[in-house]
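Worksheet: one structure, shown below.
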Amino acid sequence: MRVTVKICGLTNEADARAASAEGVDYMGFVFFPASRRCLGIPAPAWIRALEGPPKVGVFRDQDQATVQRVREDAALDLVQLHGTEPAAMCEALGGRTRVIKAISVDRAVDWGRVAEYASVARVLFDTASESGGGTGTPFDWRLLAGAPTGLEFWLAGGLTPENVAAAVTEVRPAGVDVATGVEAALGRKDRAKIRRFIAAVRNVRMFEEGRVKSSE
């Protein structure tokens, strides 16, 4: 299975174009004020003009009308909700084809709550944060061992070029999401780190495919 890669917290056009050129699958832009990477509303015009991978707008506890307006103005392909937004809002915004719902993980996972969201959104597990922003710290991946069979989810929280291969191998996510782990400074991405991060994810897949073929 091909693991998708999302680079989040992009704050300028140059970094977004660099991420696209390196082969990222999704580009993420933050629109909630508590984040230090917030781009503000209305969204900068350069986001709408960007071509390439799907664009994801990240929100937290903002009203549905605001999310819809920003999505339209910035020509976003998906929205990612990081707060207490109800499942009904995810469904109203387009369901699984257009919505990612972040589930904060601290000491345990409420699988009943996860199932509620999984029917109307793509699920992303992230390290719990009071601000809803990136922490740069991973949670205990062993907490995901109880995931229901067949649940596809994305993983975020403290991922870096150095640990993402281990995360993919242990957790088997459908996708990975990174912001802090590929930065040179707050809000400024390091292209070499992006390249190494993507390569680490792709190399796990190549290794697994090679191992399967060699055992046949």
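The values are calculated or read from the model by the stated rules, or taken from the named source; none is laboratory data. Just so you know, these numbers come straight off a predicted model, no measurement behind them. FYI the Cβ positions are ideal-geometry reconstructions off the backbone, even for glycines, and counts take in every protein chain you see.
Given the criterion β-branched (Val, Ile, Thr), touching a Lys or Arg at 6+ places or on another chain (Cβ under 7 Å) and outside any loop (DSSP other than H, G, I, E, B), identify the matching residue among Val5, Val56, Val67.
From the options Val5, Val56, Val67, the qualifying one is Val56.
From (1) at pLDDT 95 or above; (2) buried (at least 19 other Cβ atoms within 10 Å of the Cβ); (3) part of a loop (DSSP other than H, G, I, E, B), pick out the condition that doesn't hold for Phe139.
If we test Phe139 against (1) at pLDDT 95 or above; (2) buried (at least 19 other Cβ atoms within 10 Å of the Cβ); (3) part of a loop (DSSP other than H, G, I, E, B), just (1) comes out false.
Can you tell me which residue is nearest to the chain's Cα centre (by Cα) among those in the range 104-133 that are part of a strand (DSSP E or B), of a type in the set (A, V, I, L, M, F, W, C) and at pLDDT 95 or above?
Leu124
Checking Glu72 against (1) touching a residue at least 12 places away in the same chain (Cβ under 8 Å); (2) in a helix (DSSP H, G or I), only one condition comes out false. Which one?
(1)
Can you find, within the range 161-205, the residue that is farthest from Leu39 (Cα to Cα) among those that are without any contact (Cβ under 8 Å) to a residue 60 or more places away in the chain and assigned to a strand (DSSP E or B)?
So the residue we want is Ala184.
Might you check whether a residue that is closer than 17 Å to Thr180 by Cα and in contact with a Lys or Arg (Cβ under 9 Å, 6 or more places away or on another chain) occurs anywhere in the range 35-44?
yes
Going by the conditions given, is Gly175 at pLDDT below 95, within 21 Å of Gln80 (Cβ to Cβ) and buried (at least 16 other Cβ atoms within 10 Å of the Cβ)?
no
Please enumerate the residues belonging to the range 69-101 that are surrounded by fewer than 19 Cβ atoms within 10 Å (Cβ to Cβ), within 25 Å of Glu13 (Cα to Cα) and under 19 Å from the mean Cα position of the chain (by Cα).
Ala75, Asp77, Arg98
Yes or no: Ala102 closer than 25 Å to Leu144 by Cα and without any contact (Cβ under 8 Å) to a residue 60 or more places away in the chain?
So Ala102 passes the test.
Any residue at all in the range 16-26 that's among the charged types (D, E, K, R) and within 22 Å of Leu81 (Cα to Cα)?
Yes - at least one qualifying residue is present in the range 16-26.
How many residues are of a type outside the set (Phe, Trp, Tyr) and either without any contact (Cβ under 8 Å) to a residue 12 or more places away in the chain or part of a strand (DSSP E or B) (or both) when one looks only at the range 146-160?
Adding up the residues that qualify gives 3.
Go through the range 7-44 and give me each residue that's acidic (Asp, Glu), in contact with a helix residue (DSSP H, G or I) (Cβ under 7 Å, 6 or more places away or on another chain) and surrounded by 16 or more Cβ atoms within 10 Å (Cβ to Cβ).
Matches in the range 7-44: Glu22 only.
Kindly establish whether Val67 is over 23 Å from Arg191 (Cβ atoms), aliphatic (A, V, I, L, M) and at pLDDT below 95.
no
Could you say which residue among Thr4, Thr11, Thr97 is at negative phi, touching an Asp or Glu at 6+ places or on another chain (Cβ under 6 Å) and at pLDDT 95 or above?
Criteria check complete, one pass: Thr4.
Any idea which of (1) in contact (Cβ under 8 Å) with a residue 60 or more places away in the chain; (2) more than 19 Å from Val3 (Cα to Cα) is the one Leu143 doesn't satisfy?
All conditions are met except number (1).
Just to be sure, is Glu170 within 14 Å of the chain's Cα centre (by Cα), surrounded by fewer than 17 Cβ atoms within 10 Å (Cβ to Cβ) and at negative phi?
Judged against the criteria, Glu170 is not a match.
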